[in-house]
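Asks: The following block contains the structure, expressed as C-alpha cells.
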2 protein chains.
Amino acid sequence: MPVKLNKLAQLGEFGLIKHIQSQCKNLSSDVLVGIGDDAAVIVPQKNKTLITSDMMIEGVHFDLSFTTFHQLGYKFIAVNISDIFAMGGTPEHFIVGLGIPPNFKADNIKDLYSGIMKLAKKHKISLIGGDTCTSKNDLILSGTLLGSAKQVVTRSGAKAGDSIYVTAPLGDSAMGFSLLEKRGKKINKFHPSSTASKLMKTHLMPEPAPLQNTSKVTSMIDISDGLLIDVSHICDKSRVGAVIYKESVPLSNELKVMAKKSGMDPLNIALKGGEDYALLFTGPPNMKTSAFKIGEIINKGRYIIDSRGNKTEFKPEGYEHFKKINV
Amino acid sequence: MPVKLNKLAQLGEFGLIKHIQSQCKNLSSDVLVGIGDDAAVIVPQKNKTLITSDMMIEGVHFDLSFTTFHQLGYKFIAVNISDIFAMGGTPEHFIVGLGIPPNFKADNIKDLYSGIMKLAKKHKISLIGGDTCTSKNDLILSGTLLGSAKQVVTRSGAKAGDSIYVTAPLGDSAMGFSLLEKRGKKINKFHPSSTASKLMKTHLMPEPAPLQNTSKVTSMIDISDGLLIDVSHICDKSRVGAVIYKESVPLSNELKVMAKKSGMDPLNIALKGGEDYALLFTGPPNMKTSAFKIGEIINKGRYIIDSRGNKTEFKPEGYEHFKKINV
C-alpha cells in the first residue's frame, strides 16, 4: 500500500487500520485476537490484572511545534507504563485510540506508531487493539494499558514512621518543558553532552522504570502532577501526614545550571513541576534501596522542613488540568 | 461539595474525580481497586478476557445541539457493549476517558455519567477507572470496556453454505439521525407512540442485546459501519463471498413510513446507514434463532439478489470516518 505522504482522507480508516496492523505483529502468546476484530481477546494469567488509561490532547498535553510524532508516541506509551509501574505491576497489552485531524499525513501516524512501538518493544508490550477516527481540529491520543502484578501496591498503605522515597531527581521534565517553550521548535536529534538537551529529552521522552523489589513498600504513586500534589494523594488515600526534607529532594546538575540561567528556583520546579514519571513510595526507614529518601510519613499535617529546622506547611500545588500551571 | 452549576474550572480535576467516584460505588466483587489510584485492579476469571475501545468526538460522532448529555453517555457505553456482544462475550468493566472543554458545567458531566451508569447498571458493568482532563474545544469521550467469554466468536469463521442473519431491523438509527439533523434540537422525553420519536430514540440511545446461544455461530460482527461494510468485514476476514437477499433485509414500519415521507429509499438506508448496533452473524441454514435470515455465504463475490433473480455486485459502501457519509 503506497502510504507514504498520502493524506489520511485518501487512505481511509480501514486502510489506516491495515497499515497499523502490519506494524503490530509481534504479539505475545497470550493474545488470541489482536487488532482487527470487534474486541481483542487475551488469556488471563493467574496474577491480578491492572488497567490504566490516559488521554493526551494536542494543545493541552503536547505542542506539535516542539515535539516530533515519534517523540509523542514514545511519551504517550511511557505515561501509561509509568502508571502500571506505580502499582508494582508489569505492563503487557496496549490499546490505542486515535482522533486524527483530516489533513494529517499518513507518515505522521507512521512516525507516531514508531515511537509507541519503540518503547513497547523495550518493555515487551503487545499492541492489541484500538479505535481510529477523524477529529475536527486536534490530534487526540487515548491509551489503555493492561498489566499484571502478583502483589499490588496502592496509594493507601503509608503509615506514620515510614520514610518517603523517590526513584530519580525531580524537575528535569518541567525545566525541559520551559526550555522547549522558549525554543519553540522540534529537536530531531538530542545532543548527548548538552545540558539543555538532556532536560528537554526528559520532558519529550520520559523513561519510566519499575521498582525492582516492592516487598516492603507500603504505598506508591508515580509523579505526574508534581511532588507536592502526589505526596498529597498518598496522604489523602492513606489518611496520614508528611514531612519533606527540603535539602534531600534530589536535583540534577542540569536542572541547577539551567534554572540559575533562567533565574528560577530549581527546588520549586522539583516540588511543583510534574511529569517526572519517577516513582514516589513509602516504606521502612532502613529499606535497602537506591532511591532517594526525601521525607517521612507523620500522623497529621503536611510540611517542608529545612536543615535548620524551619518548617512551612505545604498545599498540593502544581499542575492541575482544569486550573493553571504553576511553574 | 457544591458541584451544582459549578464551572469545571472551579471544581478542578480532583474535585471532579471525587464527584465521579461517588457515583461509581457499586463495584463487582472481582474489582480490588476502582477509580482513584494509578490503575484499577481486577481478579481475572478463568474465561478469556475481551477488550474493546471506542472514541467519540463532538462534531464528528455526536452533535450537542440534538443530544442531551444523558443520552450521549448512554450511547457511549452502548457502542462499547455492542462490541463485546459481537464477540459472544459479557461486558464487565468500563474505563472512561473524558476530555472536557473548560467552560462546561459540572452538571453536564453529571448528566453524562447518569446516562453511562443507567446502561452500566442494566448490564451489571462496573465503572473502574479513567482519565479526566481538559480539552481545547470539543468534548471527547474515550471508553474501554473489558468483558469475558467462554467461547469467543470472531469475524473469521464464516464458511460457504452458511446463512447470514441479523438480530434486528436495520436503518432506523440512520433515519433517526436524518430526522434529528432536520429538527436540530434536543428531545428530553420521547413520545412513546410517535413514529419519528422511535427512530430518533434508536439513534440516540441504542439498545445492544446479546445473542443468547452462540454455539453454532461461525462468525459475528456488530453493525456499526453499515450492513454492506460489515458483511464485507466478515468476507475479508473469513475469505469468503456473500449474497444478500434484497427483500429479506428487515425494515421497520417506522423506517418505511418516514423514508417515504422524506423521499428516501428505506432499503438503501438499511444497507448503508450504520450505527444499528444489531448483530450480524453466520451459521447453519437451519439454525434455531429468532434472528432474520438475510443471505448466504458463498465462495467468492459479493452480491445483492432480488426475488426475481436480478443480481448486482455490491461494494463496502457506507459511513467511513475519513471519507464521506453516503446516506
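The values are calculated or read from the model by the stated rules, or taken from the named source; none is laboratory data. Because the structure is predicted, anything quoted here is derived from the model rather than measured. Positions of Cβ are generated from backbone atoms using ideal geometry, with glycine treated the same way; all protein chains shown enter the neighbour counts. What goes into the accessible areas is simple: the full protein's heavy atoms, side chains included, and nothing from ligands, DNA or RNA. Shrake-Rupley method; radii C 1.70, N 1.55, O 1.52, S 1.80 Å.
Asks: Go through region A:123-144 and give me each residue that's more than 8 Å from chain B (Cβ to nearest Cβ) and either in a loop (DSSP other than H, G, I, E, B) or within 30 Å of A:M287 (Cα to Cα) (or both).
Replies: The initial filter retains those residues of region A:123-144 that are more than 8 Å from chain B (Cβ to nearest Cβ), namely A:123-127, A:139, A:141, A:143.
A:H123, A:K124, A:I125, A:L139, listed by residue number.
Asks: Still on this structure: Quick check on region A:196-207. Is at least one of its residues among the hydrophobic types (A, V, I, L, M, F, W, C), touching an Asp or Glu at 6+ places or on another chain (Cβ under 7 Å) and either assigned to a helix (DSSP H, G or I) or away from every other protein chain (no Cβ under 14 Å) (or both)?
Replies: To start, the set of residues in region A:196-207 that are among the hydrophobic types (A, V, I, L, M, F, W, C) comprises A:196, A:199-200, A:204-205.
After this cut, where a residue has to be touching an Asp or Glu at 6+ places or on another chain (Cβ under 7 Å) as well, the list is A:199.
Okay, now just the ones that are also either assigned to a helix (DSSP H, G or I) or away from every other protein chain (no Cβ under 14 Å) (or both), so A:199.
Checked against the condition, which is being among the hydrophobic types (A, V, I, L, M, F, W, C), touching an Asp or Glu at 6+ places or on another chain (Cβ under 7 Å) and either assigned to a helix (DSSP H, G or I) or away from every other protein chain (no Cβ under 14 Å) (or both), region A:196-207 yields at least one hit.
Asks: Hey, B:P102 hits all of (1) assigned to a loop (DSSP other than H, G, I, E, B); (2) within 22 Å of B:V166 (Cβ to Cβ); (3) touching a helix residue (DSSP H, G or I) at 6+ places or on another chain (Cβ under 9 Å); (4) not acidic (D, E) but one; which does it fall short on?
Replies: Condition not satisfied by B:P102: (2).
Asks: In region B:181-236, how many are under 16 Å from the mean Cα position of the chain (by Cα) and among the charged types (D, E, K, R)?
Replies: Qualifying residue count, region B:181-236: 5.
Asks: Answer yes or no: is there a residue in region B:130-137 that is under 24 Å from B:D276 (Cα atoms) and either open to solvent by less than 10 Å² (accessible area, probe 1.4 Å) or at pLDDT 95 or above (or both).
Replies: Just the residues of region B:130-137 that are under 24 Å from B:D276 (Cα atoms), to begin with: none.
Taking every residue of region B:130-137 in turn, none turns out to be under 24 Å from B:D276 (Cα atoms) and either open to solvent by less than 10 Å² (accessible area, probe 1.4 Å) or at pLDDT 95 or above (or both).
Asks: Kindly indicate whether any position in region A:72-80 is more than 7 Å from chain B (Cβ to nearest Cβ), among the basic types (K, R) and under 24 Å from A:G157 (Cβ atoms).
Replies: No, because not a single residue in region A:72-80 is more than 7 Å from chain B (Cβ to nearest Cβ), among the basic types (K, R) and under 24 Å from A:G157 (Cβ atoms).
Asks: OK, next. Please work out which residue is modelled with the lowest pLDDT, limiting yourself to region A:17-76 and to residues that are among the small types (G, A, S) and in a loop (DSSP other than H, G, I, E, B).
Replies: So the first thing to find is which residues in region A:17-76 are among the small types (G, A, S), and the list is A:22, A:28-29, A:34, A:36, A:39-40, A:53, A:59, A:65, A:73.
Applying the additional criterion that residues be in a loop (DSSP other than H, G, I, E, B) yields A:28-29, A:34, A:36, A:39, A:59, A:65.
Numbers: A:S28: 73, A:S29: 78, A:G34: 79, A:G36: 76, A:A39: 85, A:G59: 89, A:S65: 93.
Ranking the qualifying residues of region A:17-76, first place goes to A:S28.
Asks: How many residues are closer than 11 Å to B:Y245 by Cα and of a type in the set (S, T, Y) when one looks only at region B:281-310?
Replies: 2
Asks: If you don't mind, there's one more thing I want to ask. Which condition number does B:Y113 fail, the rest of (1) modelled with pLDDT under 95; (2) open to solvent by 30 Å² or more (accessible area, probe 1.4 Å); (3) in a helix (DSSP H, G or I) being met?
Replies: Condition (2) is where B:Y113 drops out.
Asks: Restricting to region B:184-212, name every residue that is under 17 Å from B:M264 (Cα atoms) and touching a residue at least 40 places away in the same chain (Cβ under 8 Å).
Replies: B:T195, B:A196, B:L199
Asks: Which of the residues spanning region B:163-184 are open to solvent by less than 10 Å² (accessible area, probe 1.4 Å) and out of contact with any helix residue (DSSP H, G or I) (no Cβ under 8 Å at 6 or more places or on another chain)?
Replies: Scanning region B:163-184 gives B:S163, B:Y165.
Asks: Among the numbered criteria (1) aliphatic (A, V, I, L, M); (2) facing another protein chain (nearest Cβ under 9 Å); (3) surrounded by fewer than 19 Cβ atoms within 10 Å (Cβ to Cβ), which one does A:L64 miss?
Replies: (2)
Asks: Let me ask something else about it. For B:G147, are the conditions met, namely being under 21 Å from B:V60 (Cβ atoms), within 14 Å of chain A (Cβ to nearest Cβ) and surrounded by 23 or more Cβ atoms within 10 Å (Cβ to Cβ)?
Replies: No; evaluated as a whole, the condition is false for this residue.
Asks: Of the residues B:A160, B:A120, B:A86, only one is under 18 Å from the mean Cα position of the chain (by Cα) and more than 12 Å from chain A (Cβ to nearest Cβ); which? Walk me through how you get there before you give the answer.
Replies: Working: B:A160 fails: under 18 Å from the mean Cα position of the chain (by Cα); B:A86 fails: more than 12 Å from chain A (Cβ to nearest Cβ).
That would be B:A120, the only listed residue that is under 18 Å from the mean Cα position of the chain (by Cα) and more than 12 Å from chain A (Cβ to nearest Cβ).
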